[in-house]
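Asker: For reference, the structure I am asking about is given below.
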Amino acid sequence: MATIDVAVVGSRFGAHFLPLYRSHPQVGSVALVDVDTAALHRVADEFGVNDRFTSLDELLATDRYDAVHVASPVRFHVEHSVAVLRSGRHCASAVPMATTLDGIEQVLDAERDSGRVYMMMETMVFGRAFFYVKDLIDIGRLGPLTLMRGDHIQNLDGYPSYWRGFPPLNYATHIVSPLLALADARVEKVAARGSGILTEERRGDFSNPFPAETGLFALDRDGLTAEVTVSFFQTARSYYEGFSVFGHDMGVEWPMLDEEDGLTVYSLEPVQANWSRPARAQTVHPPDRTQVLPAELRRFTRPSEYDPGDGRPVVRVGAAHGGSHPHLAHEFVSAAVADRPALVDGVTAATWTAPGICGHASAMADGAWTSVPGFGTPHRLLDSPPGAAAR
């Protein structure tokens, strides 16, 4: 069985993926990279990672490691992705791909010139809720789509200072991506508005004045418009990251509390006399799609224990983002080993990232409709199981 060696950049979010790569049957060596040496050694010790680098440049100067997972802060995503690709290595990157249109083009150029695999690690299109709704659309249960909306609300007080003032819609991929993937569409134009005014201590280094932004995204099919709200500060609500999709026959709504696991599914019933047509609601708990994962990764879709070996203590591993992390790791490894495009390749990532960038530009222009550039044909995630080696 062919294998690759994988290095992870960033010990904070990257720590979630270390046990996945160490457990994957097609991954050999695993390394960790972090400029914070204390965090580097603490996390590497915890997960039994022996190879450690204090900078990405140090890693890339070697002839080791076939693939790199970039989980560094957002401001480094373009720089690090381009450096990895131009070094001749495969690259996975946390979201977003970029925060400017120019940054998107830089990554696309590096992906094309290098011929290596690039994958944006978008959690929402690899989680159990997305798989469930995708299956309903695949078999025609929802009927033609009518209404699509989603929200990402997350108060970032207490997060590292580089998040202060971050433009909310520049981080919209968690909501834009599932809506576009389910509609098999791209955004043609967007009109967005900011809401509220950031307090002075939350402004940071950005010119963005808004704690929250809402965009109307006009899609290129069936007259559809998707509504997306992202808020990072000054919104008194618990963490919420979810989407709702309604068709002619059925609708699916994300639970209002993040700790809830069930989706509300609506089914239309016959018209009653002269009254409106009622909808029956039921709670559905989407199953994990573990059958598409290697046996070694299946337990990671839910909280589990991981034994790093070498006598180190067993680590309790969470399962954030709807159990998506093992699916993401498996798709990236599968694409790199087969040397095929990842499901969320550069064009697909650009198609999901650019709308939010243009949405923030629209909000800064008082809601003016703003065209969203096209980058080519994104992968069609409908009918595409994660980790599929054939296209």
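The values are calculated or read from the model by the stated rules, or taken from the named source; none is laboratory data. Not measured: the values here are computed from a predicted model. Every residue, glycine as well, gets a Cβ built from its backbone with ideal geometry; the counts of neighbours run over all protein chains shown. SASA here: full protein model, heavy atoms, side chains in, ligands and nucleic acids out. Shrake-Rupley method; radii C 1.70, N 1.55, O 1.52, S 1.80 Å.
Asker: Given a 1.4 Å probe, how much area per residue of the stretch 51-155 is accessible, in Å²?
Answerer: 37 Å²
Asker: Projected onto the charge dipole of the chain (+1 at Lys/Arg Cβ, -1 at Asp/Glu Cβ, origin at the Cα centre), which of W369, G311, G127 gives the Cα projection farthest towards the positive end?
Answerer: G127
Asker: Out of every Cα-Cα pair in the stretch 245-306, what percent are more than 13 Å apart?
Answerer: 72 percent
Asker: If you look at just the Cα atoms of the chain, how large are its Rg and its Dmax in Å?
Answerer: 20.9, 74
Asker: Just the number, please: carbon plus sulfur as a percent of the accessible area of the chain, 1.4 Å probe, no ligands or DNA/RNA counted.
Answerer: With neighbouring chains kept in place, the figure for the chain is 49 percent.
Asker: Further question: At R0 = 30 Å, how high is the FRET efficiency between A281 and S195 if r is their beta carbon distance? Nearest 0.05 is fine.
Answerer: Result of the calculation: an efficiency of 0.55.
Asker: Helix-only estimate, please: 222 nm mean residue ellipticity of the chain, summing -39500 (n - 2.57) across DSSP H runs of length 4 or more and dividing by its residues, to the nearest 500.
Answerer: Value at 222 nm, helices only: -8000 deg cm²/dmol.
Asker: For the chain, what relative contact order do you get, as a whole percent, if you take Cα pairs closer than 8 Å and at least 6 residues apart?
Answerer: The normalised contact order for the chain reaches 20 percent.
Asker: Can you tell me the orientation of helix 325-338 relative to the chain, as the angle in degrees between its alpha-carbon axis and the longest Cα principal axis, to the nearest 10?
Answerer: Taking the Cα atoms of the chain, the angle to 325-338 is about 60 degrees.
Asker: Suppose each label sits 7 Å from its Cα in the direction of the beta carbon; what would the T62-M1 distance come out to in nanometres?
Answerer: Reported label-point gap for T62 and M1 is 2.4 nm.
Asker: Moving on to the next point. Please sort 280-287, 22-29, 119-126 by packing, taking for each peptide the average over its residues of neighbouring beta carbons within 10 angstrom, highest first.
Answerer: 119-126, 22-29, 280-287
Asker: Next question, about the same structure. Quick check for you: with a 1.4 Å probe and neighbouring chains kept, what is the accessible area per residue of the stretch 322-385, in Å²?
Answerer: 29 Å²
Asker: Now for a different question. With axes computed from alpha carbons, what is the tilt in degrees of helix 37-47 against the longest principal axis of the chain, rounded to the nearest 10 within 0 to 90?
Answerer: Taking Cα atoms only, the helix is inclined about 80 degrees.
Asker: Write down, largest first, the equivalent ellipsoid semi-axes of the stretch 185-239 in whole Å, where each equals the square root of 5 times an eigenvalue of the alpha-carbon gyration tensor.
Answerer: Semi-axes, largest first: 28, 13, 8 Å.
Asker: Rounding to the nearest 10 and keeping the result within 0 to 90°, find how far the Cα-based axis of helix 346-364 lies from the longest principal axis of the chain.
Answerer: 60 degrees
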